[in-house]
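Just so you know, all these numbers are worked out from the coordinates, no wet-lab data involved. Predicted model, so just to flag it, every value in this text is computed and none were measured. Here the Cβ is made from the backbone with ideal geometry for all residues, glycine too, and neighbour counts use every protein chain on show.
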């Protein structure tokens, strides 16, 4: 079991778990054997030796104890496996989260984030089946038949041989067919999710279908597709079911063979009844674990696939983050922020790297408002990622008052940066808590103040529960503009010297845009403000504009200077003008 | 019987024969298992008395028969039950689609303060689809096990009763206890814990999703440790709950096993004196014990059946909740009238979504002659999109009149109405298929040339040719492989292809950046030719195109006129115009 070995690596309790589950399986086997022994003995005594109830009372009481013991083992097994499953799941969840933190936002971005979120929830949950059912069943399948086999051999050689011969044949058959069926089953699952996706697509496009008068025809399409899918799948399933058919057939037929075999030998007096009945009682128990295993196979496939995804993430090497030279040096940014000849290239999977910044230098003084402009792909976001230390420069350095920011602890440095991302994330909690992300210990007054500065308070007042209204996934939805302002409130609440604003490309309504800009103007004197600007309004208000093109600073100056000197800037401005002057 | 369960059974009604057949086969499988063990027991008990071989022959045949029958019945049962499942899935899908269809799109839009908000429709529908996937197993996992358990219970009661009333009583008492009593007890004990577990799990899940998707924000604001602690706390809580649940579920498995063995044990205990007194043949002793053990196979799947019942009912409840809305619009029972021309007239129209809500539109009147263009502008929340939705009859208005071609809008069947209109909405839904099929949806019988011509007019053709597979390129889930501008151009090409006399454009460029907007507006200008056009817009672009402009504010028409006349009167329109220009002017 590959997943086993890897789990052993990650999960400390795994070893104890294996021992406990193994021990419980062994106990179960013992209970089964002794239980069968006593049943056979009692029936033998009453049936053939004509004993009365009083003579078998002791045996009956022992049998009752054995039954109670067996039941207790089942309970113990459930509790032990659940305990381990719970522990493993919570351990892996945390490990995953910590690993993701190490890998950083550059790894968890875009479309991948959905899949990763899914891994940390569903894939982890799917491990339950492995720990609660599959692994204990594997143990049982190894231990119980072995123990029974020994008991049968000790009782009756011929029956033992029959069991010994049939046992390996069954799994081999099952595996042979199972392998084939698995490939098919997997395809079926893919088809299945494909079909569900198609159905979803149709539901989401229902208005469109309606407008084009196609809505009625779809009903038949859905039925036909589902039915056709059912038909083709049945063909596949027939094979898949064969595997359990063989299992079932094999075990029941060998059960029948043993019954007839010992029956006939009993007839000729070649075996005593008690032993014959003992063997008969053990035979179904012999095959039971294997049959159960077959039915739990699918659950284990899910677990294995999930575990694979989890390990894939856990095993990504984390690039050694530069360690601060002086461990706990407090990060400061007082006068000047300089970016000195910074280079950065994104790794693009195969050993190639895509150059994003090629020697960018830039200085911001406290109180300055610098706008970063350039076409998309010019390197603006890369610069922001470097300033946030989501990535580290390949060459060159970013310095705060002459100190390389890499010499600070990353968390210490980030406490100096307030960031308004282009697509801020809304957490599934209240408005107030979402703003408080900037500073969890902030008082309510400060939160309100930040919201007011970001021109968000009027909107919040219209919400049913004001600041305590739930937003995010399960709550009220915010418009793009409101989201931007909320994220600005977050950044303002943080009260960090460096304000890094990634302006949204979409249009805010004119009134709130103006208000937001006034707020930024007001706080600018005590801050370092760097705006990745997309709108003329913002650009024209900056103290200095830096034009990025293909990863390099090609011009910098005031709006007027650049209009006179930089052709690229003129071109950019012309594009923005056209954009905003379409009317 | 609770209502969702009854309705669920109604949905499964058409496949009842398949289900009964599967239940029958399932019962036969277990009966074969019981038969195998009891005839085996009988066989060796008989053999122990050393009779003639011929006395054993029936038992031997029986053992062989049951040995083979069990596997075969199981196999058949699987085939039939899966067939039933697929039928059920198809039925559920068609049912849900048909039930939802008349409700769309109104059902997925909620109104608040007179404004529309799209309910997270993607999430809602995604949930619905997975709920339907859950329900497809309703039969196999939930409905079949109790049926089979019932059949086995009755038959074995009779079987044991045949050896003596007391054996029948012992059996049925233990059987009922383990098939009804224990699941019920487990339900009572586990109810609170499982509910708490579901909510804790949901909370943990949403925290994990938040942590992953919001990781940049968390790290940038230095909140990762706090989040990790919060996850850890939630983890601990969940773990504790899982343990509590394990005690209960473990108890269930334990007691079921114990009761099964106790049945055999009690039978033995009771039978021994009978055998001793010679009132019962000793041969039967082994039969009773093995028969009792084997018949509990019918009870074992009940535990999970009870557990899944809750989930199935929950899924069903959610689905019913979606479809149990009153349609916003009823189709008239009479066939649609023939429109006299392609003009639109609206008179004294007032509208609100609910009685309790404020009016969204008040006393709106306008006349749009055939082939003319009307633009509706106004700040967001002014009611302009509502007006567009009323024209599409997504809702019905309460006061005033709306006529199309001289006939009231409500007299038209929705389908006939849409045959006369092409619509370009804010967001264009593209189906996850090729560009060709996405275009051809507008007119199924269109030729290749017509389609290309439409694409060319919509300025889509060159873009399509630049794609690796041209018109056969798949657009991806929800058309995500295309940009917003490209998607809008697909919508315009669809409109060209549909070629209707009336055109309704509802903020077709609202989600586009300005440069793309320019190009899309050019395509719209081409589309506009000769068609009666209503365009709702928030940006004042291409306003010269309009023969009349309505300025909406708080649901009322506050100004109307042409672009030039409105600018002259220096009202709201003029202010909007100035505001829009100001940004540019200030910048340059």
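A few comments on the model shown:
- Relative contact order for chain B: 14 percent, from Cα pairs under 8 Å spaced at least 6 residues apart, divided by residue count.
- Label zone at residue A:552 (point 7 Å along Cα-to-Cβ), backbone N below 12 Å, the stretch A:359-385: A:359-361
- For chain A: relative contact order, % (alpha-carbon pairs under 8 angstrom, 6 or more apart): 14
- Using a Förster distance of 51 Å, the FRET efficiency for residue B:237-residue B:357 (Cβ separation, nearest 0.05): 0.80
- Using alpha-carbon coordinates, inclination of helix B:302-323 to the longest axis of chain B, degrees: 20
- Computed FRET value (nearest 0.05) for residue A:16 with residue A:315, which takes r as the C-beta separation and R₀ as 22 Å: 0.35
- Fewest-first ordering of B:172, B:231 by other beta carbons within 10 Å of each residue's beta carbon gives B:172, B:231.
- Contact order relative to length of the stretch B:367-485, as percent, for alpha carbon pairs under 8 angstrom and 6 or more apart: 21
- Shape category assigned to the stretch A:120-180 from the gyration tensor of Cα positions, a/c cut at 1.5: oblate
- Evaluated at q = 0.12 Å⁻¹, a Debye calculation over the C-alpha positions of the stretch B:3-323 (equal weights, vacuum) places log10 I(q)/I(0) at -0.98.
- By DSSP, the beta bridges lying fully in the protein assembly as shown are antiparallel in about 55 percent of cases.
- Our summary of shape: the Cα atoms of the stretch B:307-447 have principal axis extents of 63, 50, 38 Å, ordered from largest down, in whole angstrom.
- Compared with the dominant principal axis of the Cα atoms in chain B, helix B:165-176 is inclined by about 30°.
- Additional length obtainable on full extension of the chain from residue B:445 to residue B:326, 0.36 nm per residue less Cα span: 39.4 nm
- Shape of the stretch B:387-428, Cα gyration tensor, a/c cut at 1.5: oblate
- Using alpha-carbon coordinates, inclination of helix A:157-204 to the longest axis of chain A, degrees: 30
- Overall form of the stretch A:29-68 per C-alpha gyration tensor (a/c, 1.5; a/b vs b/c): oblate
- Cβ-Cβ distance of residue A:65 and residue B:188, R₀ of 35 Å, FRET efficiency by 1/(1 + (r/R0)^6): the value works out to about 0.75.
- For the protein assembly as shown, fraction of C-alpha pairs farther apart than 46 Å, in %: 48
- Spatial separation of Cα centroids for the stretch B:453-503 and the stretch A:1-68, in angstrom: 70
- Beta bridges per DSSP with both ends in chain B, % antiparallel, nearest 5: 55
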